[in-house]
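These notes are about the structure you will find just below.
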Amino acid sequence: MIRDLYNVHTVGPVPGPTPLTPDEERRARATLFTELGNAVADRGWTRFPAYSPEERRRLVAVGRMLSEHWGVPVTVEAEDACAMRLSLAGHALSA
C-alpha cells in the first residue's frame, strides 16, 4: 500500500553528534587505549570503526599514547572511509 505524504518537511536543523565533555573524552580514550592496546598486543594489529573526523583524531591520539607507553611505534592508517587500522611494525597495510 502506498501512502502519499502531503505537507511533510523537516523541522529545524538536523541534529548531529554532540561533542564530548573533557571527562567523557578522557574516559573514551582510556577505554580505547585498553581495548585496542590488548588487541594490538595479541595480533599485532586491529581495526576499529571511525565515521567522523573526531573519531579518527581520537584513534590517532590513542595510537600515539600506545607508542609512548610501549616505546614501539604504532601506526594508525585509514583502511577505508569507515575504518582505521592500528598496527605494529611489520603489520602495516601494504601499498
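Taken over the stretch 23-36, the criterion of being of a type outside the set (A, V, I, L, M) and either modelled with pLDDT under 75 or under 17 Å from the mean Cα position of the chain (by Cα) (or both) is satisfied by E24, E25, R26, R27, R29, T31, F33, T34, E35.
Consider the stretch 57-84 and keep the residues that are under 10 Å from R47 (Cα atoms) and of a type in the set (G, A, S). The one that is least open to solvent (accessible area, probe 1.4 Å) is A83. Just give me the residues in the stretch 1-22 being open to solvent by 100 Å² or more (accessible area, probe 1.4 Å), in contact with a helix residue (DSSP H, G or I) (Cβ under 9 Å, 6 or more places away or on another chain) and modelled with pLDDT of 75 or more, in sequence order. P19, the sole residue that qualifies. Could you tell me whether any residue of the stretch 54-74 is out of contact with any strand residue (DSSP E or B) (no Cβ under 6 Å at 6 or more places or on another chain), within 25 Å of E24 (Cα to Cα) and in a loop (DSSP other than H, G, I, E, B)? Checked against the condition, which is being out of contact with any strand residue (DSSP E or B) (no Cβ under 6 Å at 6 or more places or on another chain), within 25 Å of E24 (Cα to Cα) and in a loop (DSSP other than H, G, I, E, B), the stretch 54-74 yields no hits at all.
The values are calculated or read from the model by the stated rules, or taken from the named source; none is laboratory data. Because the structure is predicted, anything quoted here is derived from the model rather than measured. So basically every Cβ, Gly included, is an ideal-geometry build from the backbone, and we count neighbours across all protein chains shown. Just so you know, the surface numbers come from the protein's heavy atoms only, side chains and all, with ligands and any DNA or RNA stripped out. Shrake-Rupley method; radii C 1.70, N 1.55, O 1.52, S 1.80 Å.
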